[in-house]
1. Sort out for me the Cα centre separation of the range B:168-218 from the range A:577-629, rounded to whole Å.
2. Find the centroid of the Cα atoms in the range A:295-363 and in the range A:60-82, then give the distance between the two in whole Å.
3. When ranked by the protection proxy of mean other Cβ atoms within 10 Å per residue, highest first, what sequence do the peptides B:11-20, A:57-66 form?
4. Looking at the range A:1-157 from every direction and averaging, what is the projected area of its Cα convex hull in nm²?
5. Between residue A:643 and residue A:748, what is the spin-label point distance in nm, taking each point 7 Å from the Cα along the Cα→C-beta axis?
6. What does the C-alpha gyration tensor say about the overall shape of the range A:673-766? Classify as rounded when a/c is under 1.5, otherwise prolate if a/b is larger than b/c, or oblate.
7. Using a simple spin-label model with points 7 Å from Cα along the Cα→Cβ vector, what separation in nm is obtained for residue A:140 and residue A:566?
8. For residue A:18 and residue A:89, what does the FRET efficiency come to when R0 = 30 Å and r is the distance between their Cβ atoms, rounded to the nearest 0.05?
């Protein structure tokens, strides 16, 4: 196809946008040589990419001709989808890189020839690790394998094996080894627990770091120690997880480096490694040396703790330190990973700081809540203590740890006693757990934790988590991102919309009062109607089983049998309990188009509905939504699901006002997420809107309808019943498609809404 | 006829029970003082087995009622039935136990509605009496009668909690999974597997119990481990046995299932 025609096609596809001529010409240049069919298939994808990113679209056009050299035109949409995934996850550059190598990035994974990416395996690996460790360790991808005792870092992708299962196994092996390093305290080893532990303080370097620095070549000492520990951990795992290690041996040939060929004699450390991991005899230039190493190494076979490895390191170091003129670090085994003591130190510091903060916080709260101890009387004492924190014996508060010191009871439950002015006070489970965490990290409970808690309590501190009333709109939470459905792609635009939950300002208005008096008669009727719904318990007669005898039925049955008829066996009365287990969320369209009496009527309907619902006792929440463009979708809190219908709610209903546009999808998704957290037999999501979903950007027309439809489908998949009430003059044919034929109702005269809505609700929840 | 019904509840053979602490002595002391028992603990940790053992040891029949949210007072106390044109009173399990001086065990008591739980109040304090409203009768419990209830604090919602007025009538025993050695002993004995296999099963069980924060409401109970052992005893291979007796009963989540299978393949 010739360039002019291509350009024209392109411009018609992106209309009404008007890109620069030269950009377009440059982009379609590559396509000039292609046949018409290929050009069409390339152009077909333009509407998918253009709204996401214009520059990506130009890049795509440049790359597509090349891509078609190795993929079929039919596979092009898949390729485009992957590219967009990359773009949405990692940005334009990453998408460009992805497009650059079709073979490696797209075709290989498609054929299943690629390695296993961490992101794919994480869902299985994380629970595996948590189960293994029994505590909250994290997993993350990083260029090198190591652990800082809080997180285990693994490669972002493993491509060593052909089979995915083997690659997965390698992930598992790496994680298991790193976990074992943590539980066997390879990284956090310290001199014998009886002495010296109290010297260690938060912020100090690890004992191991100091130990390794005492050697003339710390790197060598570190590698020696790491090697000895790896050997010990291997034995530990052989015992603990025989299945895993059996599989490891099957793959051993591939897992461990091929004996160095040609590069001359192996380094002493490599020889030691072979020796330690019980493979073939190390071949080195100095057999004598190996002989003496061997005796030390065989002593290590029975090593039970990191201390044994420390001792062995001290024994081995003098033997090997002078063998090689210059120490060349040994590439660690893949599952062995690296030893990063600085990372461990930082992580431990962070952990301790967090523990301290929580401990002080909880203890301070506990002190403040002591009966008779709160407020005035305690204050002077705490004050004095704050000034003189160095002398805890004088203070009225002491924490006593019972049974913590000696080794035998290390794991047994420690009891924490809190005494205030020599009176013993129950500390509660949380504090107890925190204290034992701290003790297991530090070996003791620092006195300053207690004094700073006392100081905090003295200042009348209470953790203030709520936000201050800062006038106007209040941001309640961090923004949440949601995907958006693009029907042209038949896939989501990932993390496309950012939604912010906000609070409506409290306005003092007489709106609710006026509405109540205007609809007074109707409200009385509504109350009566809704009371009928409340029927929680009632007796049902003529049951086969029940608490009591239904005398009428018995008399009838007796009469029947006397008369020669078969008597009924339904002779009992049963108390039937119907629980109304319903949670409803009302979603109010607060777009600009509801300006005027439409908005007013919606507000009136809400007041009537709240009155009616107060009688039934169903849980319900009211939220509004509006916004402009995908990065500022707003979700207004009017009434939470558990919140009582009080003055604040009434004032917020009064302050519902038209705002900007109607981006329905994200609001529906957020409402779904809120409802999902609620446990109820029936969960309803009722939307009140005045027509088409529409936003300022390309969220309009078919795209908006399809996204809204998809959001509703997602709600249904979460077993939430969506229902839409639309206020419009005339029916539109898209409504059936968007909401589903039976899931919406159209109200053509808005004045009917206040009366219809409670009725509708009754019908929906019966 | 009631005697026949009662005999079915008598436990003839000593049930296998490995004490975890001094719970047996405590329970016996409570029995001798006429105090009711409250057992708490996760599912499948041996609460019911403990009750069987206790009933055997005391030589009393054991009447167990599994509570559910439709259990009414008359399901416990009894009701009139129409038989051949006459109204005949039939004792419920609780009344039966009181009359015969048996041990009555209400399993998962919080599942029952709060108004139902109230009928046990007069039985559970020093009055030890059961009023039967419909017959105008007041039953006095003989010294041999014992009331025991159990519940699982793990998965109860706020709605389903015992009222303090109910709780504060009981001697409470807290059950947990036994420590690894004892649990292995139990699994070996009940599941009929070797000691090594039992220890590996217990290791696996402990691992699944570490998954609490990852979406598993409760880890594998001792009961599940025993069941896996039983399957193995019937010639099923270790991995399928663990998959079907442990992983699948625990969760439907595909990733957690795979993670548990990975643990199985590591441990065995």
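1. The two parts, judged by their Cα centres, are 49 Å apart.
2. So the separation of the two Cα centres works out to 50 Å.
3. A:57-66, B:11-20
4. 11.2
5. A separation of 3.7 nm, rounded to one decimal place.
6. oblate
7. 7.5
8. Efficiency computed from Cβ-Cβ geometry: 0.50.
FYI, it's all coordinate maths here, none of it is from the lab. From a predicted model like this one, the values you see are computed outputs, not experimental measurements. No Cβ is skipped: glycine too gets one built from the backbone with ideal geometry, and neighbour counts run over all protein chains shown.
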